[in-house]
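Undergrad: First the structure, which I've put down as structure tokens, then a few questions once you've had a look.
The values are calculated or read from the model by the stated rules, or taken from the named source; none is laboratory data. The model shown is predicted, which means the values in this text are computed figures rather than measured ones. Using ideal geometry, Cβ is built from the backbone for each residue, glycine included, and neighbour counts are taken over all protein chains shown.
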């Protein structure tokens, strides 16, 4: 009896030890599973961070291409607007030639009046035949200049009809302005800001630099390792003995991380070097273009400001020349002024009108050039 009790005690102890051992194994398995899960979470977090970086890079690439397409559209529009810019300049030239024609017509009228006065003076014996011949020569010279200027106006009109694609190149038209209206309110800081922000050529250069940088990032992305994650879950249940009172269950988690890295690529270094050179070249091109635009803008600005001062000076000269001509005409009518001096007074008046017209035209060309560089030339077509 005692022996049987001893055997039962040993069996109970064995079962108890086996149960404890199975519990410890289960706890160890749970701990290992938790460690694997934590490791997987860290790997997944790192992968998510890399995915976010990759998504940002892709977004930058998309944004760069969008901006490049916009810049190409602006350049295309600028190229399409080139005929309009030519029409603007040719319109200014047509106005100048028309005003010059009016000045020559005025000169012919003055010479005709002088010739009439001289003929009357010769008949009464106050002037000599030499004065009459000189007045007639001056009248013919002014008439010849008027006819030549009329030819220039016709050529300018034909040029505008050609730019407008009119079938009738000799079609006559009228332009709204009969004078050259100069805008004296341009601001240097505003022009410079618009040039740096709206000039199509500079925008294209900037986006070429951005594209070169994106190409470099694409090449450098090959240096990054790639990660593949694998996970698995398993559960095993075993029964022992015939009585069905012994069983064992096993929980299994498995995970795998595959990290790939390109150790050698014969073309990678060369491609990276070429991409870096491409970035440097694009940046240098952008810097040179910006410096060139600044220089052109500065030159036109100085010419624009100088011509504005010239206009003010020539306006004063024109007032003085008109007063001088009126005094000379009064003296000429009284016979107190020779014909040569009268001609000089007339020539001074015409020269003053020509100089102020030239100053206005040159100022307008500088104004148009400034607006063109700053990307605002289409204001003349509104």
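Undergrad: For the range 223-231, state whether one or more residues are assigned to a helix (DSSP H, G or I), modelled with pLDDT under 75 and surrounded by fewer than 14 Cβ atoms within 10 Å (Cβ to Cβ).
TA: Just the residues of the range 223-231 that are assigned to a helix (DSSP H, G or I), to begin with: 223.
From what's left, modelled with pLDDT under 75: 223.
Cutting the leftovers down to surrounded by fewer than 14 Cβ atoms within 10 Å (Cβ to Cβ) gives us 223.
Yes, some residue in the range 223-231 is assigned to a helix (DSSP H, G or I), modelled with pLDDT under 75 and surrounded by fewer than 14 Cβ atoms within 10 Å (Cβ to Cβ).
Undergrad: Okay, next question. Scan the range 175-183 and tell me whether some residue there is at pLDDT 85 or above and surrounded by 12 or more Cβ atoms within 10 Å (Cβ to Cβ).
TA: Applying the first criterion (at pLDDT 85 or above) to the range 175-183 yields 182-183.
Remaining after also requiring surrounded by 12 or more Cβ atoms within 10 Å (Cβ to Cβ): 182-183.
Within the range 175-183 (the criterion being at pLDDT 85 or above and surrounded by 12 or more Cβ atoms within 10 Å (Cβ to Cβ)), the answer is yes, since at least one residue qualifies.
Undergrad: Mind counting the residues in the range 305-342 that are in contact (Cβ under 8 Å) with a residue 40 or more places away in the chain and closer than 30 Å to residue 183 by Cβ?
TA: Qualifying residue count, the range 305-342: 6.
Undergrad: Filter the range 107-131 down to the residues that are out of contact with any helix residue (DSSP H, G or I) (no Cβ under 7 Å at 6 or more places or on another chain) and touching a residue at least 24 places away in the same chain (Cβ under 8 Å), then identify the one that is farthest from residue 142 (Cα to Cα).
TA: Result: 126.
Undergrad: Tell me, yes or no, whether the range 264-272 has at least one residue that is in a loop (DSSP other than H, G, I, E, B), surrounded by fewer than 12 Cβ atoms within 10 Å (Cβ to Cβ) and modelled with pLDDT of 70 or more.
TA: yes
Conditions (1) over 37 Å from the mean Cα position of the chain (by Cα); (2) at pLDDT 85 or above; (3) assigned to a helix (DSSP H, G or I); (4) at negative phi, marked per residue:
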| site | (1), (2), (3), (4) |
| --- | --- |
| 93 | no, no, yes, yes |
| 97 | no, no, yes, yes |
| 105 | yes, yes, yes, yes |
| 116 | yes, yes, yes, yes |
| 122 | yes, no, yes, yes |
| 126 | yes, no, no, yes |
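Undergrad: Which residue is modelled with the lowest pLDDT, if the candidates are limited to the range 368-378 and must be part of a helix (DSSP H, G or I) and over 14 Å from residue 86 (Cα atoms)? Working first, answer last.
TA: Initial filter on the range 368-378 (part of a helix (DSSP H, G or I)): 368-373, 377-378.
Among the residues that remain, those that are also over 14 Å from residue 86 (Cα atoms) are: 370, 373.
Working: 370: 90, 373: 86.
In this case the residue turns out to be 373.
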